[in-house]
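The structure appears right after this line, and notes come after that.
The values are calculated or read from the model by the stated rules, or taken from the named source; none is laboratory data. Please read these numbers as outputs of a predicted model, since none were measured by experiment. Cβ placement follows ideal geometry from the backbone for every residue including glycine, while neighbour counts extend to all protein chains displayed.
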Amino acid sequence: MLRDAGAVPSTSAAIIDIPKSIMLDYRTPNLMRERVYRRLRSDILFCRLTPGADLHEMDLARGFAVSKSPVRDALLRLESEGLIEVLPRKGYRIAPLSIKMARELREAVEPVCMLGAAVSADDEALAALDTWRNFDLAHGFPAWVEYNRNFHVALVALSPNSRMVATAVGVIEQCERLSHLAIAAYQNTRAGGPLAEHGEIIDALQARDGARAAALLARHHGDGPVRVMKAIRDRLDARPV
């Protein structure tokens, strides 16, 4: 579900259809746990599992053809990342998405990372940002969402504060979930404007002007959450009754 600005109806998660090639590839308990965790995490981030949907260990274990132990371990790891909520005596739920919270956290955390990056990042790391200046719009919006996420992660990773980086990456991934919800209605969005803004942020960092990079990043976010929310609402309004 979406908080703060309308809601996506919550549904119980269906048993996940796991390809046999994946199911048969489990060899050790540790590998099994890691594969269950990675698959669930991917399904949450890409909103193949709907925000607000209920999850049950038995259903997931049956879908993965494993015992409940690796499923439980994966769910607890995802809870620590803020992607899952534990419901006492009821099971688990995909964490709802809060547009307001995501916007406020990004506006608070990412610019601070820019200030640290401008001072501490080495010249080679700053020069490597040039690889993010271009994106082929012909790849489509889903590819743009992935590119945009990776670009912002690359920016915050330059900060010397590892705890701040971890917080920023978590917020970026929550915002990526919002973008994947909106993809169906947002397919024709032009990425040219944001791409140019990416270039300006890179220029500021390479000039080691942290204050300008932080200001540009704040402006870059701007009304992005509002545009995403409109796309999600359009998607919901277009569904057959």
If you go through the stretch 53-78, how many residues are crowded, with 20+ Cβ neighbours inside 10 Å and either among the hydrophobic types (A, V, I, L, M, F, W, C) or in contact with a Ser or Thr (Cβ under 7 Å, 6 or more places away or on another chain) (or both)?
9
Checking Pro29 against (1) modelled with pLDDT under 75; (2) within 16 Å of the chain's Cα centre (by Cα), only one condition comes out false. Which one?
(2)
Some residue of the stretch 87-110 being of a type in the set (Gly, Ala, Ser), under 26 Å from Ile172 (Cβ atoms), at pLDDT 90 or above and not in a loop (DSSP other than H, G, I, E, B)
no
Would you check if there is a residue in the stretch 168-183 being of a type outside the set (Gly, Ala, Ser) and modelled with pLDDT of 85 or more?
yes
With respect to Ala117, is the statement that it is farther than 21 Å from Glu176 by Cα and outside the structural domain of Glu34 (by TED's automatic domain parsing) true?
yes
